[in-house]
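K.L.:
Provided herewith is a single structure, encoded as structure tokens, for subsequent inquiry.
The values are calculated or read from the model by the stated rules, or taken from the named source; none is laboratory data. All values reported here derive from a predicted model rather than from experimental measurement. Because the Cβ atoms are built from the backbone with ideal geometry, glycine has one as well, and the counts that use them run over all protein chains shown.
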Amino acid sequence: MALIALAADKGSPGVTTAAVALSAVWPRRVLLAETDPAGGDLVYRSQAAHGGPLNPNAGMLSIAATARRGLAPDQLWDHSQTLSGGLDVLVGIGSSEQAAGLVGQWPLLGRAFASLAESPQAPADVIADCGRISGETPALDLFAHASLVLLVARTQPESIARVRDRALALSTRLHSSSRGGAQLATPLIGVLLVADPGDSAKVANQVNSMLIGAQSVARVMGTLAHDPSGAEQLAGRKRGRLDKSLLIRSARQIARDVYQQYGAAWTFPVQGAAPGQMAGNMPGQMPGQVPGQMPGQMPGPAQGPIPGARR
């Protein structure tokens, strides 16, 4: 399975920006899912592939209306839309009031997201933007099905302290094991720091040392550049070479590091593939291209333009 859930403990560290940036450079085909119970933002900030606005009624809202009869992983594509850059998304609900329609369905969604990587028709990893988590937010029910939970945080001391405490609370809830064993259990719990590029390596080492000293299960998985200009380009509000931005360059490094370290455990054989041949790595196939997909057909984010990029 390959469900990667991004969330924040408090404030607005940039979870949606991080989720979109990672999805845009992910090395396999990916489906970005807005699963924030408070409501999604992409329908307001992004443009659909056809040039018009995204449909707010197609996505998590339409899933809520149909999933009570069950939800097969491949059915997720029936509710997805494509951004102008080629990224497939499930847009979020419009407000926290609409979250009532998903009550009891979060574990079902988690299983479908996690199983999409095994689909023989259209396999993909899922990156879920879960927004802020606290208390008994229903998005926590997704985490039990995730391979990796990334807690997005700024580098202020109070933010790191909250992430440390949140990681311990999540481990107690999800792993039900000792601290030492929890470090090897799934979902893995990691920290994604949003930091100034010049200080990122130093800050990451300092935060890791602090987490280890506190016997936290979390470890820093990477640092995403604090790049307001790149974030504006990603949202389509500013022109520029988005692929050259510090934001996308740092996201590409994070995606590469995470996938190289853990991707082997998230990759499944394709039906009819030769022994040792894995989904997403067919001979002559570009990263992110679906098996059987012709070059240039429905481009995934790895070979299509980055969402929001303007030439």
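K.L.:
May I ask you to verify whether Ala18 is in a helix (DSSP H, G or I) and either under 19 Å from the mean Cα position of the chain (by Cα) or surrounded by fewer than 18 Cβ atoms within 10 Å (Cβ to Cβ) (or both)?
P.N.:
Yes: the conditions hold for Ala18.
K.L.:
Go through Gly70, Gly85, Gly14 for me and flag whichever is at pLDDT below 90 and under 24 Å from Lys238 (Cα atoms).
P.N.:
Exactly one residue qualifies, and that residue is Gly85.
K.L.:
Pick from Glu158, Glu118: which is touching a Phe, Trp or Tyr at 6+ places or on another chain (Cβ under 7 Å) and of a type in the set (Asp, Glu)?
P.N.:
Glu118
K.L.:
Collect the residues in the stretch 69-81 that are over 16 Å from Gly110 (Cβ atoms) and either in a loop (DSSP other than H, G, I, E, B) or of a type outside the set (Asp, Glu) (or both), keeping them in residue-number order.
P.N.:
Once the filter is applied, which keeps residues that are over 16 Å from Gly110 (Cβ atoms) and either in a loop (DSSP other than H, G, I, E, B) or of a type outside the set (Asp, Glu) (or both), the stretch 69-81 yields Arg69, Trp77, Ser80, Gln81.
K.L.:
Right, next: Consider only pairs whose beta carbons are under 6 Å apart and that are at least six residues apart or on different chains; among these, list those whose first residue lies in the stretch 1-18 and is touching a residue at least 24 places away in the same chain (Cβ under 8 Å) and whose second residue is assigned to a helix (DSSP H, G or I) and basic (Lys, Arg).
P.N.:
Sorted first by the residue in the stretch 1-18, then by its partner, the pairs are Asp9/Arg162; Asp9/Arg166; Lys10/Arg162.
K.L.:
Still on this model: Scan the stretch 209-226 residue by residue and report those that are under 19 Å from the mean Cα position of the chain (by Cα) and not hydrophobic (A, V, I, L, M, F, W, C).
P.N.:
If the condition is that a residue be under 19 Å from the mean Cα position of the chain (by Cα) and not hydrophobic (A, V, I, L, M, F, W, C), then Arg219, Gly222, Thr223, His226 are the ones that fit.
K.L.:
Quick one: in the stretch 30-60, which of the residues that are in a helix (DSSP H, G or I) and modelled with pLDDT of 90 or more is nearest to Phe113 (Cα to Cα)?
P.N.:
Per the stated criteria, the residue is Met60.
K.L.:
Okay, next question. I'm checking my understanding of the structure. Among residues of the stretch 1-10 that are outside any strand (DSSP E or B) and touching a strand residue (DSSP E or B) at 6+ places or on another chain (Cβ under 8 Å), which one is nearest to Pro187 (Cα to Cα)?
P.N.:
Within the stretch 1-10, the subset outside any strand (DSSP E or B) is 1-2, 9-10.
Then drop every residue that is not touching a strand residue (DSSP E or B) at 6+ places or on another chain (Cβ under 8 Å), which leaves 2, 9-10.
Details: Ala2: 10, Asp9: 17, Lys10: 21 Å.
The qualifying residue nearest to Pro187 (Cα to Cα) is Ala2.
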